[in-house]
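The values are calculated or read from the model by the stated rules, or taken from the named source; none is laboratory data. These numbers were taken from a predicted model, which means no experiment stands behind them. Glycine also receives a Cβ, built like all others from the backbone with ideal geometry; neighbour counts cover every protein chain displayed.
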Amino acid sequence: MMTTAEGVVGPGPAPQAPGKVKAFLRLVMIEHSVFALPFAYIAALTAMYLADRSVHWWTLALVTVCMVGLRTFAMAANRIIDREIDARNPRTAGRELVTGAVSVRTAWTGAGVAVAVFLGSAALLNPLCLALAPVAVVPMVVYPYGKRFTNYPHAILGLAQAMGPVGAWLAVTGTWSWDAVVLGLAVGVWIGGFDLIFACQDVAADRAEGVKSVPARFGVPAALWGSRACHVVTMALLVWYALATDAGAFFWAGLAIVAVAFVYEHTIVRPHDLSRLNRAFFTVNGFIGIALFVCALLDLAVRGLTL
């Protein structure tokens, strides 16, 4: 109720819609789009360079909307499907669907809007993107269920993320590209690898609840070694992509920066010391995506891409 000097005048204002929007954006961690977007941009800009050496800003904007829309849907679906598991894990018990800051209905509404935006943007790109768009949605829903039936849900996540660069290339050219597949595989193996690190912090809770993952099944040391192997493969795939697309000096410099970042990431996380896990997961991997994108953009600009 609201009051004035003269008494009660009626009920106060209802909660504003922007508050719900902000809570939903916290739920889906919208800022984490930084992990996948740079690689979609690398694929799209490389395809533009090879096509006519010009940036098509409308296409790039639609790629951005597609990526953010699909990722938002995926995160919302993940949170909805996992809300009961999250409630029993001390690390995730404060998530918005558990505390009630976001209702399940609101989360489903947000997820529906996000997937509609994704499909609409794909339709504006070209017929092939629209035809393949529903296929891209499938692993986004399968992933949260994966931890219920396989010890390797990280691989499903990697597959889901690998589609970003492939889709971005298709958005520009409307045709299939094996170079984009190589870059997509690099992204998928990279993200699957750092998801292995992230899952290490939930080993006790996962084992107690029967949640499956590589760390829960094989232990933290095995998971960290698996992550290192994934990132070695990632570097090999990025080198393959650089060779396949005749990348120049700036891109190769970016690969050197990525290699150093990987070494640092795996130096600060140890089986019996996960205190810097968040730095490894969020800071280092966010830096990797942005650094390689900047270097790739410089490389394409030097080689003649018109911005």
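A242 versus (1) of a type outside the set (K, R); (2) in contact (Cβ under 8 Å) with a residue 40 or more places away in the chain; (3) touching a Phe, Trp or Tyr at 6+ places or on another chain (Cβ under 8 Å): which is the lone unmet condition?
(2)
Output the residues belonging to the stretch 182-222 that are modelled with pLDDT of 95 or more, under 17 Å from V34 (Cα atoms) and aromatic (F, W, Y).
Listed by number, the list holds a single entry, W190.
Go through the stretch 229-239 and count every residue that is free of Cβ contacts under 8 Å to residues at least 40 places away in the same chain and touching a Leu at 6+ places or on another chain (Cβ under 9 Å). Reasoning before the result, please.
Of all residues in the stretch 229-239, those free of Cβ contacts under 8 Å to residues at least 40 places away in the same chain come to 229, 232, 235-236, 239.
With touching a Leu at 6+ places or on another chain (Cβ under 9 Å) added as a condition, the list becomes 235, 239.
Residues meeting the conditions: 2.
Given the conditions (1) closer than 25 Å to V302 by Cβ; (2) over 23 Å from the mean Cα position of the chain (by Cα), report the number of the one that A222 does not fulfil.
(1)
Just name the residue that is nearest to F35 (Cα to Cα) out of those in the stretch 167-181 that are hydrophobic (A, V, I, L, M, F, W, C) and crowded, with 24+ Cβ neighbours inside 10 Å.
Going through the stretch 167-181, the residues hydrophobic (A, V, I, L, M, F, W, C) turn out to be 168-172, 176, 178, 180-181.
Narrowing further to those that are crowded, with 24+ Cβ neighbours inside 10 Å: 168-172, 180.
On the way: A168: 15, W169: 18, L170: 20, A171: 19, V172: 21, A180: 17 Å.
Checking each candidate, the answer is A168.
For a quick check of your reading: which helices (runs of 4 or more DSSP H) sit entirely within the stretch 186-282 and have at least 3 residues that are surrounded by 23 or more Cβ atoms within 10 Å (Cβ to Cβ) and at negative phi? Step through it out loud before you land on a result.
On the way: elements: 203-209, 214-218, 220-244, 249-268.
It comes to 214-218, 220-244, 249-268.
Please go through the stretch 40-59 and give me each residue that is more than 18 Å from the chain's Cα centre (by Cα) and either outside any helix (DSSP H, G or I) or under 20 Å from W178 (Cα atoms) (or both), ordered by number.
Just the residues of the stretch 40-59 that are more than 18 Å from the chain's Cα centre (by Cα), to begin with: 45-59.
Once the filter is applied, which keeps residues that are more than 18 Å from the chain's Cα centre (by Cα) and either outside any helix (DSSP H, G or I) or under 20 Å from W178 (Cα atoms) (or both), the stretch 40-59 yields L45, T46, A47, M48, Y49, L50, A51, D52, R53, S54, V55, H56.
For residues that are in contact (Cβ under 8 Å) with a residue 12 or more places away in the chain, of a type in the set (G, A, S) and at negative phi, tally how many sit in the stretch 289-307.
Here is the first cut: in the stretch 289-307, the ones in contact (Cβ under 8 Å) with a residue 12 or more places away in the chain are 289-300, 302-307.
If we keep only those that are of a type in the set (G, A, S) too, we end up with 289, 291, 296, 304.
Subsequent filtering for residues that are at negative phi retains 289, 291, 296.
The qualifying residues number 3.
A quick yes/no check of all residues on (1) farther than 28 Å from R217 by Cα; (2) surrounded by fewer than 18 Cβ atoms within 10 Å (Cβ to Cβ):
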residue	(1), (2)
F118	yes, no
N126	yes, yes
C129	yes, no
A133	yes, no
A136	yes, no
P139	no, no
V142	no, yes
Y145	no, yes
R148	no, yes
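Check the stretch 66-78 and report whether any residue there is surrounded by 20 or more Cβ atoms within 10 Å (Cβ to Cβ), part of a loop (DSSP other than H, G, I, E, B) and modelled with pLDDT under 95.
no
Determine, yes or no, whether L25 is closer than 20 Å to A296 by Cα, at pLDDT below 95 and within 18 Å of the chain's Cα centre (by Cα). Even if it seems obvious, please write down each step before you answer.
On the way: closer than 20 Å to A296 by Cα: no; at pLDDT below 95: yes; within 18 Å of the chain's Cα centre (by Cα): yes.
So L25 fails the test.
Return only the number of the condition from (1) of a type in the set (A, V, I, L, M); (2) surrounded by fewer than 20 Cβ atoms within 10 Å (Cβ to Cβ); (3) closer than 20 Å to V181 by Cβ; (4) under 14 Å from the mean Cα position of the chain (by Cα) that V34 does not satisfy.
For V34, the exception is condition (3).
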